[in-house]
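To start, the structure under review is shown below, and the notes come after it.
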Amino acid sequence: MDLSYGEEIESFREEVKSFLSSNWPPAEGGDKAEQLQAFRLKATDAGYLNRGVPKQYGGSEQAPDSLKGSVIGEEFRRARAPMEPAGIGTMMLVPTLLDRGEEWQKEKFVRATIQGELGWCQGYSEPGSGSDLASLKTKGELVGDEWVINGQKIWTSSAVEADYMFCLVRTEPEAKKHAGISYLLIDMKQPGIDVRPLKQMTGSSEFNEVFLNDVRTPKDWIVGNRGEGWLVSRTTLKHERAGIGAAGQSVALLQGLVALARERKLNGRPAIEDTEIRRKLAELEGYVRAHQYSSYLQMTKDLKGENPGVIQLMTKINSTNMGHMVAKLAMEILGDDGLAAPSSEGLMSLRGGDAGSAGRWISQYMSSLGVAIAGGTANVQRNVIAERGFGLPRDAAANKSSK
Amino acid sequence: MDFDLSDEQRLLQETVQQFLENECPMARLRELFDDETGYDAVLWKGLAELGLAGIHLPGEYGGSELEILDLAVVSETLGALAAPVPFLSHSLATEAIVAGGSEAQQARLLPDCASGERLATVAFAEEGGAWLPEQWTLDVSEGTVSGTKEIVEFGEQADAFVVGLAGGRLGVVERSASGVEIQRVEGADRTRRIARVSFDASPIEVLERSGPESAARVVDVGLVLLAADAFGGARRLVDMSVEYAKSREQFGVTIGHFQALKHQLANMAIEIEPARALYWYAAHAVDHVADDATRTAAIAKSHVCDRYSQIARDATEAHGGIGYTWEGDTQIWFKRAMFDRVFLGTPRVHQDRAAELAGW
């Protein structure tokens, strides 16, 4: 066991640090958007951003190296420097196109997406197709040189701003469930698209419903062949899971909680002096550190090309479990302020002096539930662990409906 | 970054596992479980011949000079197999002699222990759950000690006791010394027998370099070994429950078809699986991260032993009626979870220490 990063990686860290110290933050008073764009281009040239994307599409085309990747993440976070534009386009669409897209599709979409010029949304879930996604009904018919699409998508983040949607559509109604789906790219700025924001229990709106009414997209705006959409979308999910780093968030949440317990009073004394609160914080730290060291273990296995085992199926449910525990303990520390309205700013920022703001913790109390549901509910994750991890029989109904 | 066991550590685990599967299969384990004294000297001697009595001891005294992580991975394997052997307290007693003994004392006391010829144990707890060095009250007067120690693992069999003394000092009392009275205590865990040991003006050899620091190190090692044992035991209970779900039939299908049970089993695994990395790190910290070792050991012990206790309940439930019987096997691990939870202080004690040490 060796927990150091090794000499080569440490000298790489020094390079990253010196790059950041001469390039971030930019000079005062300039145009913020331009400066941001210029910084990202420079950081990509240096090989720190868009590492998995070939140079011809605007990436830095670096050999996969999760150690370097985590050093870059650590140093950029430390310097509060921006990384790739956040969003489902860079996280999911780009890796999918690189893997399965036609040459012209890569040319047209990849560079513009990683540079933040094109925004995407994901058209997967439907009102009747949540956990059972492959039962989706949105229909695509080839009419001449165009797909004509009709149906409804839901839980679509960023649909209001997005330029395009990558979308799962049933194009082969005669084929078996999974084999009838295609992966289409759709221009969001056209008649027939109706986006309606969904108001969440927190009061803010991160998701939308998207109605598609005779929406059109060119025949060749399909990724993979007709009927291969399910497989193509699985590539994307694999890429999504590869985005680790959730352990760092749990560590930050715990630190924020300790800060909250120091600031707030319970029964006239700082909450941090309350025996029950102290024990619960220590208990939570056990979970958080187990999660954190498990991410080291997974990274090591990844470097060696070995299978990390059943633990890799637990990353999501572990971090959502921790989000619940943090939120519940925060509510105990807040006492009567636990009745405050959630902050409209959504997820709290744990850096800076606002960890004591009740509204943000209440927002976390609610949004930790959203995280547990999005991208596969915790109960679906439990099925996956039992079936793929333990080899227990598949759910009878799920088995039957795949046929 | 290499956060993983070495090939040697894996081999060590496999060797111990194979030996125990041959020499102490379930039938033999059950014999010992039901036996009056529950101790198999031949079994322990066999493990000592594999080097288990001195993994962490200096090479010049017959040890293998390995790290606490090596000791801990063996503890995991012993926990998984519910091995009825005095590994924990023998390891702690010898670690105490290394940490607190002068060179002359180590040279005299360690070789027989490293070979397994002599069995040593620790006598730390005093009445009322006083496990920790700052709580020890027994004192030395003119080279003798008087007083009582509780929950001494394999106290009936040990040849020597490393006794916790006031001020965090440590001393060795021979079993044959005058005034030593050993009283068997019927504990729930019949794979690790316990005794109450009283001293009445018994001659004691104080370890010359012992004090709060060496005592703290022994406690840290103990907490890590208990966390490792708890991880091994809890993982084993998850495996046993999954196997049972695959073989037991009701309503014409194996009960593993039922989602309620699948989710319960998944939850058990979710609770325990990440704890592997926590106990590894805690063991590594004892040797390599001095400023974080004590607190991490406290967090690891409380976390893993709490998880083990809950999983022992869940596994019993997952086994249905058979889980509640003496004949069923889960009860063996259920009771080991009780031992791991209490020995060296309950999870609550170590959560309070962790809070204190963090300056909360």
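The values are calculated or read from the model by the stated rules, or taken from the named source; none is laboratory data. Since we're looking at a predicted model, the values are computed, not measured. Cβ sites come from the backbone with ideal geometry, for glycine too, and all protein chains shown count toward neighbours.
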If you take just the helices (runs of 4 or more DSSP H) that sit entirely in segment A:193-310, which of them hold at least 2 residues that are within 29 Å of residue A:331 (Cα to Cα)? A:246-263, A:275-304
Which condition number in (1) over 30 Å from residue B:164 (Cα atoms); (2) of a type in the set (Val, Ile, Thr); (3) within 27 Å of the chain's Cα centre (by Cα) is the one that residue B:218 fails? (1)
Residue by residue through segment B:205-231, note down the ones that are surrounded by 23 or more Cβ atoms within 10 Å (Cβ to Cβ) and in contact with a Ser or Thr (Cβ under 6 Å, 6 or more places away or on another chain). B:220, B:225, B:228, B:229
Segment A:280-335, subset small (Gly, Ala, Ser), in contact (Cβ under 8 Å) with a residue 40 or more places away in the chain and more than 10 Å from chain B (Cβ to nearest Cβ), residue nearest to residue B:293 (Cα to Cα): A:319
Does segment B:9-30 contain any residue that is under 15 Å from the mean Cα position of the chain (by Cα), crowded, with 18+ Cβ neighbours inside 10 Å, in a helix (DSSP H, G or I) and within 14 Å of chain A (Cβ to nearest Cβ)? no
Go through segment A:102-139 and give me each residue that's in contact with a helix residue (DSSP H, G or I) (Cβ under 8 Å, 6 or more places away or on another chain) and closer than 23 Å to residue A:55 by Cβ. A:105, A:106, A:107, A:109, A:110, A:111, A:113, A:114, A:115, A:116, A:118, A:120
Every pair of residues 6+ apart whose Cβ atoms lie under 8 Å, when the first sits in segment A:23-48 and is at positive phi while the second is in a loop (DSSP other than H, G, I, E, B) and modelled with pLDDT under 95: A:47/A:60; A:47/A:62
Selection from segment B:239-271 of residues that are facing chain A (nearest Cβ under 9 Å), assigned to a helix (DSSP H, G or I) and hydrophobic (A, V, I, L, M, F, W, C): B:242, B:245, B:261, B:265, B:266, B:269, B:270
Among the residues of segment A:367-403, count how many are touching a Gly at 6+ places or on another chain (Cβ under 9 Å) and farther than 26 Å from residue A:310 by Cβ. 1
Could you list, in sequence order, the residues of segment B:172-188 that are buried (at least 18 other Cβ atoms within 10 Å of the Cβ) and basic (Lys, Arg)? B:175
Output yes when any residue across segment A:108-131 is among the hydroxyl-bearing types (Ser, Thr, Tyr) and modelled with pLDDT under 90, and no when none is. yes
Meets criteria (at pLDDT below 95 and not hydroxyl-bearing (Ser, Thr, Tyr)) for residue A:200: yes
Matching residues, segment A:158-195, being surrounded by fewer than 16 Cβ atoms within 10 Å (Cβ to Cβ) and farther than 17 Å from residue A:223 by Cβ: A:160, A:161, A:173, A:174, A:175, A:176, A:177, A:189, A:190, A:191, A:192, A:194
Filter pass, residue A:72 being more than 14 Å from every other protein chain (Cβ to nearest Cβ), hydrophobic (A, V, I, L, M, F, W, C) and touching a Cys at 6+ places or on another chain (Cβ under 9 Å): no
Within segment B:84-101, identify whether any single residue is touching a residue at least 24 places away in the same chain (Cβ under 8 Å), among the polar types (S, T, N, Q) and in contact with a Leu (Cβ under 7 Å, 6 or more places away or on another chain), and answer yes or no. yes
Considering only segment B:163-182, I want to know if a residue exists there that is within 22 Å of residue B:43 (Cα to Cα) and modelled with pLDDT of 95 or more. yes
Among the residues of segment A:1-16, the number that are surrounded by 14 or more Cβ atoms within 10 Å (Cβ to Cβ) and at pLDDT 85 or above is 6
Can you pull out the residues in segment B:82-108 that are under 13 Å from the mean Cα position of the chain (by Cα) and more than 13 Å from residue B:122 (Cβ to Cβ)? B:82, B:83, B:84, B:85
